[in-house]
Amino acid sequence: MRFELTSPDVIHSFWVPDFLFKMDVIPGKTNAFELTPDKVGTYVGRCAELCGVEHSQMLFSVKVVERAEFDAYVEQLRTQGQSGLLDTGRSTDKGQMPGESQI
């Protein structure tokens with residue numbers, strides 16, 4: 001899995017405890033990393049940097065699936081006329097796949 005992290009406002013920190021990994025997310029900078037999870041599943045993550053009033057609500061999940069399931073999902077999108085890339089209209093998006101998001 002490849003992650004590209006950027007922030008539109010303040011410093012955040014991407015943290016998924018089960019991945020044993022944490023990375024700061026800094027406005028105006030893109031931090032990228034790759035990792036290979038051991039097993040499929042849904043992993044809970046959160047912001048680990050006190051970033052403002054709603055900090056305690058900054059929870060997210062990362063869903064890990066087998067490659068074949070992911071490829072089938074992307075193919076299904078393409079047969080429906082979608083490119084397989086997510087366009088949220090934000091200038092910071094760089095061709096993310098559906099289900100991916102920027103923090």
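Read-outs throughout are calculated quantities, based only on the coordinates presented, and are distinct from any laboratory measurement. Note that the structure is predicted; figures quoted are calculated from it, not measured. Note that we place each Cβ from the backbone using ideal geometry, even for glycine, and neighbour counts take in every protein chain shown.
If you build the Cα gyration tensor of segment 2-79 and take the root of 5 times each eigenvalue, what three semi-axes come out, in whole angstrom, biggest first? It would help to have the intermediate numbers written out before the result.
Numbers: eigenvalues 137, 44, 30 Å².
Equivalent ellipsoid semi-axes, largest first: 26, 15, 12 Å.
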Problem - Residue order, fewest to most beta carbons within 10 Å, for V40, V64 - result: V40, V64
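Using the Cα centre as the reference, give the magnitude of the dipole from point charges on the C-beta atoms of segment 10-75 (Lys, Arg: +1; Asp, Glu: -1; all else neutral), rounded to the nearest 20 debye. Don't skip to the answer; put the middle values down first.
On the way: 6 positive and 10 negative charges, 46 e Å.
Computed about the Cα centre, the dipole is about 220 debye.
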Completion exercise
If T6, T79 are placed from fewest to most neighbouring beta carbons inside 10 Å, the sequence is T79, T6
